[in-house]
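Structure, as structure tokens:
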Amino acid sequence: MKSIANKLTVVALLGAAAFLSSCEKSNSGATGWNYNDPKTGGYERPEYIEQETGPGLVLVEGGTFTMGRVEDDMNFTWDNIPRRVTVSSFYMDEVEVTNQYWRDYLHWLQMVYGDSYPEIINKALPDTLVWREKMEYNEPLVELYLRHPAYSDYPVVGVNWSQARAFCAWRTSYKNAYVKKKKGRDQVNSFRLPSEAEWEFDA
């Protein structure tokens with residue numbers, strides 16, 4: 001058992017050494033010229049810092065799929081004709097945007113705009129009346145679903161397209177500001193709504 005552990009350690013160390021040596025490549029594989037050397041023109045090869053994965057995101061590896069109706073259409077509506085679509089790799093939230101995430105957003109709006117621009121905060125409030133059916137008058141989720149702690153990790157509902165886009169813009173600016181403050185460098189993470197093709201491919 002001990003010898004196996006030692007072999008694993010050696011393999012890991014050799015792999016790390018190979019990785020470091022590949023990162024320290026100082027000349028062009030095409031011409032042999034040294035990078036960052038004034039004698040060969042001073043061409044600089046900047047260090048590459050890989051973009052970090054945003055919080056709560058998972059990588060969806062792209063591919064090709066048939067988008068649209070792939071089963072028999074018994075009503076013959078033909079409103080979703082199948083077609084081959086190629087989707088590039090992208091990141092998507094692992095879970096839906098929760099009530100807690102939306103309350104974070106509302107809290108930030110309250111801090112920034114406060115009593116000066118209450119219409120901005122009102123525009124960001126989800127439509128909680130989606131819980132109420134016709135002729136109903138006693139639906140507790142209208143009052144409780146967004147605010148009650150028991151529903152914090154449930155998906156937010158009653159959000160329209162404009163509100164969702166504004167949330168994405170806020171998340172982009174807030175995340176980038178956080179990275180700059182913590183890491184001391186700029187990093188552009190841009191959050192957006194998935195396209196129809198991305199949504200169907202991920203599903």
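The values are calculated or read from the model by the stated rules, or taken from the named source; none is laboratory data. Source: prediction; values computed, not measured. With ideal geometry, Cβ positions are generated from the backbone for all residues, glycine too; neighbour counts draw on all protein chains shown. The protein model used for the area step is the full one, side chains on, heavy atoms only, and it has no ligands, DNA or RNA in it. Shrake-Rupley method; radii C 1.70, N 1.55, O 1.52, S 1.80 Å.
A few points about this structure:
- Around residue 145: net Lys/Arg minus Asp/Glu count, Cβ-Cβ under 14 Å: -2
- Ranking 91, 43 by solvent-accessible area of protein heavy atoms (1.4 Å probe, all protein chains present), from largest to smallest, gives 43, 91.
- Shape category assigned to the stretch 139-180 from the gyration tensor of Cα positions, a/c cut at 1.5: oblate
- Rounded percent of accessible protein surface that carbon and sulfur make up, the stretch 79-203, 1.4 Å probe: 54 percent
- Annotation: extensible slack from residue 164 through residue 133 equals 8.8 nm (criterion: 0.36 nm per residue apart, minus Cα-Cα distance).
- Sparse packing (at most 12 other Cβ atoms within 10 Å of the Cβ) combined with a DSSP loop state is found for the following chymotrypsin sites (Phe, Trp or Tyr not before Pro) in the stretch 93-200: 137.
- Each label was represented as a point 7 Å from its Cα along the Cα-to-Cβ direction; for residue 43 and residue 57 these points are 3.1 nm apart.
- Separation of the residue 31 and residue 83 label points, Cα + 7 Å toward Cβ, nm: 4.5 nm
- In the stretch 109-172, the GluC sites (Glu not before Pro) that fall in loop regions by DSSP, at most 12 other Cβ within 10 Å: 133, 136
- Label-point separation, residue 100 to residue 113 (7 Å along Cα→Cβ), nm: 2.5 nm
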